[in-house]
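Here the structure comes first, spelled out in structure tokens, and everything after it is commentary.
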Amino acid sequence: LGAPEVPGRGSTALNLFQWTWSSVAAECTSTIGPAGFAYVQVSPPQEHIQGTAWWTSYQPVSYRLESKLGTRAEFKNMVDTCRAAGVGIIADAVINHMTGADAGSGTGTGGSTFGVDNFPGIYDASSFNDCRSNISNYGDRYQVQNCRLVSLQDLRTGSNAVRDRIAAYLNDLLSLGVAGFRMDASKHIPAADLEAIKSRLSNPNVFWVHEVIGSAGEPIQPSEYLGSGDSHEFQYARNLKSYMDGSIAGIRGITNGLLPSDRAGVFVDNHDTERDGHGTMNYQWGQKYILGNVFMLAYPYGWPTVYSGYKFTDRDAGVPGSTATRVPDASCSNTAVWTCMHRKPEIQGMVKFRNAVSGTSVTSWWDDGNNHIAFGRGDKGYVVINNGANAVTRTYQTSLPAGEYTDLVSATGTRYTVDSSGRFTATVPQYGALALAVVASTPGGGEPGDPG
Ligand code: LM2
Ligand code: CA
């Protein structure tokens, strides 16, 4: 399911948006590994244009690993350090385009020069598609895949030379030990081109998850891309938002019409949707956002990625303190800036829950027709979610073995006794949750990203 399971650690991923390589490395050791995440998705590692906006990361200048987030040596150290903590790195691969034509020429974060149709030593005019206008009609397949996305120079991914060059970049990352790739802007690249690029990799079976923003009525859909990887299921995040915003009693139907569970990457939000009002929740939703994460991690659908970025008021603004060539290290003690969602006890508890209930399906679903739901995961787990403004008290019927369980959601580790009929009684606070699981006493080991 999704990225390869790491024995005893499941496959849950964490997206550390705009975290520097050295801060990711430190966090893997101190927090991410011990919390039971299997993967970290990082921001694009290649050289890009200078500037303080976060989105400079998405304007490649060269494939040297010299970015605002760190050097090649720092990247390598992050991969090694995370791997030692049991965590694989998923790199964000920006291969549809290079820099914006509107920006003209300049010098990248690693000192490489660039211009329109001109990336010395890498690409020239023959490397780009013939269409030089911007995409305006998402109903036109040719335009979406061959013209410029917001003026970004569109690579001729149909050509062998460009495919070889992109594969060389991805192979370089594989040689450093990355475990998989988030494929940026896949909708803008024909699926066959992506398959041809993937076949050139040193490990053609490496995990890929495509970013294809599915939209009803458009000709290009996420399901087209399953030949070379999984696809992110944006509709899941939109559905999650509407349930959490209204009533969650019907949330069991959240996956109706979506990609098959074993091919869908899911998230509550990502770096685009959290700031662009693309119909998802974001950290500004407070406790409801946490509950959305609790549901995603509790419910057996898709391959989940928890999102952890920084607080913003301006859609374009990079991490506070950024310069044209460097982003300051992330720090969870700096709560004014970093959301550090992955440090919330509710989320860490639910990562443990998901790992503990792996392989089970939903049992004993109950809901009150409004905002109070509860369900089991076979004889391994049971979760209660209260998306209402008042505390709820109830005796729940589980499929758990009798015994004492520690609530994985509450920071204080409240204990509950499940009786010989599988019942327990609890009070769950407003916008609160509770999760009981049969948790293995020793955390699993295992190395992520070993070629499967
Ligand atoms: C993606 N997936 O398909 C990324 O997830 C998304 O974050 C990227 O857009 C986009 N595709 C290209 O990789 C971001 C950002 C844009 C930004 C681009 C390029 O959302 O705002 O565009 O990165 O940096 C910016 C300006 C835009 C300008 C463009 C080119 O906002 O006005 O277009 O640069 O200079 C003239
Ligand atoms: Ca394209």
Restricting to the range 233-273, what's the tally of residues that are aromatic (Phe, Trp, Tyr) and away from ligand 1 (no atom under 16 Å from the Cβ)? 2
Return the residues of the range 139-158 that are more than 17 Å from Asp184 (Cβ to Cβ) and away from ligand 2 (no atom under 12 Å from the Cβ); say none if nothing qualifies. Gly139, Asp140
Output for the range 163-193, where each listed residue is more than 10 Å from ligand 2 (Cβ to nearest atom) and among the aliphatic types (A, V, I, L, M): Ile166, Ala167, Ala168, Leu170, Leu173, Leu174, Leu176, Val178, Ala179, Met183, Ala191, Ala192
The lone condition Asp124 fails out of (1) closer than 30 Å to Glu233 by Cβ; (2) away from ligand 1 (no atom under 15 Å from the Cβ); (3) surrounded by fewer than 17 Cβ atoms within 10 Å (Cβ to Cβ) is (1)
Here are some residues: Gln18, Gln50, Gln59. Which one is within 16 Å of ligand 2 (Cβ to nearest atom) and touching a helix residue (DSSP H, G or I) at 6+ places or on another chain (Cβ under 8 Å)? Gln59
Report yes if some residue within the range 284-296 is assigned to a loop (DSSP other than H, G, I, E, B) and within 17 Å of the chain's Cα centre (by Cα); otherwise report no. no
Residue check, Phe17 against (1) touching a Cys at 6+ places or on another chain (Cβ under 9 Å); (2) hydrophobic (A, V, I, L, M, F, W, C); (3) within 16 Å of ligand 1 (Cβ to nearest atom), all met but one. Which one? (1)
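Being away from ligand 2 (no atom under 12 Å from the Cβ), at pLDDT 95 or above and within 23 Å of Leu194 (Cα to Cα) is true for just one of Gly111, Gly88, Gly70, Gly115. Which residue is that?
Working: Gly111 fails: within 23 Å of Leu194 (Cα to Cα); Gly70 fails: within 23 Å of Leu194 (Cα to Cα); Gly115 fails: within 23 Å of Leu194 (Cα to Cα).
Unique residue meeting the criteria: Gly88.
Can you work out which of the residues in the range 91-104 that are part of a loop (DSSP other than H, G, I, E, B) and modelled with pLDDT of 95 or more is farthest from ligand 1 (Cβ to nearest atom)?
Step one: list which residues in the range 91-104 are part of a loop (DSSP other than H, G, I, E, B), which gives 94-96, 104.
Those left that are additionally modelled with pLDDT of 95 or more: 94-96.
Values: Val94: 6, Ile95: 10, Asn96: 7 Å.
The selected residue is Ile95.
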Hits in the range 219-273 (condition: of a type in the set (Phe, Trp, Tyr) and under 21 Å from Asn15 (Cβ atoms)): Tyr225, Phe234, Tyr236, Phe267
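Out of the residues in the range 262-283 that are modelled with pLDDT of 95 or more and either over 16 Å from the mean Cα position of the chain (by Cα) or of a type in the set (Phe, Trp, Tyr) (or both), which is farthest from Val357 (Cα to Cα)?
Of all residues in the range 262-283, those modelled with pLDDT of 95 or more come to 262-275, 280-283.
So of that shortlist, the ones also either over 16 Å from the mean Cα position of the chain (by Cα) or of a type in the set (Phe, Trp, Tyr) (or both) come out as 267, 283.
Working: Phe267: 19, Tyr283: 26 Å.
Among residues in the range 262-283 that are modelled with pLDDT of 95 or more and either over 16 Å from the mean Cα position of the chain (by Cα) or of a type in the set (Phe, Trp, Tyr) (or both), the one farthest from Val357 (Cα to Cα) is Tyr283.
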Only unsatisfied item for Ala85, checking (1) within 14 Å of ligand 1 (Cβ to nearest atom); (2) surrounded by fewer than 23 Cβ atoms within 10 Å (Cβ to Cβ); (3) in contact (Cβ under 8 Å) with a residue 24 or more places away in the chain, is (1)
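Quick check, is Asp102 under 31 Å from the mean Cα position of the chain (by Cα), away from ligand 2 (no atom under 16 Å from the Cβ), acidic (Asp, Glu) and under 24 Å from Gln145 (Cα atoms)?
Spelling it out, Asp102 is indeed under 31 Å from the mean Cα position of the chain (by Cα), away from ligand 2 (no atom under 16 Å from the Cβ), acidic (Asp, Glu) and under 24 Å from Gln145 (Cα atoms).
Which residues, taken from the range 123-133, are of a type outside the set (Gly, Ala, Ser), free of Cβ contacts under 8 Å to residues at least 40 places away in the same chain and more than 12 Å from ligand 2 (Cβ to nearest atom)? Walk me through it before giving the result.
Restricting attention to the range 123-133, the residues satisfying the condition of being of a type outside the set (Gly, Ala, Ser) are 123-124, 128-132.
In the following step, the residues that additionally are free of Cβ contacts under 8 Å to residues at least 40 places away in the same chain were identified as 124, 128-132.
Answer for the range 123-133, where residues must be of a type outside the set (Gly, Ala, Ser), free of Cβ contacts under 8 Å to residues at least 40 places away in the same chain and more than 12 Å from ligand 2 (Cβ to nearest atom): Asp124, Arg132.
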Quick check on my filter: what residues within the range 116-159 are hydrophobic (A, V, I, L, M, F, W, C) and within 25 Å of Ser215 (Cβ to Cβ)? Cys131, Ile135, Val144, Cys147, Leu149, Val150, Leu152, Leu155
Can you tell me which residue is surrounded by the fewest Cβ atoms within 10 Å (Cβ to Cβ) among those in the range 1-31 that are charged (D, E, K, R) and modelled with pLDDT under 95? Glu5
Test each condition in (1) in contact (Cβ under 8 Å) with a residue 40 or more places away in the chain; (2) of a type in the set (A, V, I, L, M, F, W, C); (3) surrounded by fewer than 24 Cβ atoms within 10 Å (Cβ to Cβ) for Leu291 and report the one that comes out false. (3)
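Can you pull out the residues in the range 44-82 that are near ligand 1 (Cβ under 10 Å from one of its atoms) and either within 21 Å of the chain's Cα centre (by Cα) or part of a helix (DSSP H, G or I) (or both)? Reasoning before the result, please.
Of the range 44-82, the ones near ligand 1 (Cβ under 10 Å from one of its atoms) are 44, 48-49, 51, 53-60.
Matches in the range 44-82: Pro44, Ala53, Trp54, Trp55, Thr56, Ser57, Tyr58, Gln59, Pro60.
Out of all the residues in the range 195-224, which are within 16 Å of Gly180 (Cα to Cα) and within 20 Å of the chain's Cα centre (by Cα)? Spell out how you get there, then give the answer.
Within the range 195-224, the first condition is being within 16 Å of Gly180 (Cα to Cα), and the residues that meet it are 195, 197-211.
Result: Asn205, Val206, Phe207, Trp208, Val209, His210, Glu211.
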Tell me which residues, restricted to the range 305-346, are free of Cβ contacts under 8 Å to residues at least 40 places away in the same chain, part of a loop (DSSP other than H, G, I, E, B) and either under 18 Å from the mean Cα position of the chain (by Cα) or under 24 Å from Ala264 (Cβ atoms) (or both). Lys311, Cys340
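Condition check: surrounded by fewer than 23 Cβ atoms within 10 Å (Cβ to Cβ), among the β-branched types (Val, Ile, Thr) and assigned to a helix (DSSP H, G or I). Does Thr107 satisfy that?
No: the conditions fail for Thr107.
Among the strands (runs of 3 or more DSSP E) contained in the range 347-452, which hold 3 or more residues that are at pLDDT 95 or above, buried (at least 23 other Cβ atoms within 10 Å of the Cβ) and small (Gly, Ala, Ser)? Outline the logic, then answer.
Working: elements: 362-367, 372-377, 381-386, 392-397, 403-406, 415-418, 423-428, 432-437.
Ranges flagged: 432-437.
The values are calculated or read from the model by the stated rules, or taken from the named source; none is laboratory data. Note that this is a predicted model, so its numbers are computed, not measured. All Cβ positions, even for glycine, are placed from backbone atoms using ideal geometry, and neighbour counts span all protein chains on display.
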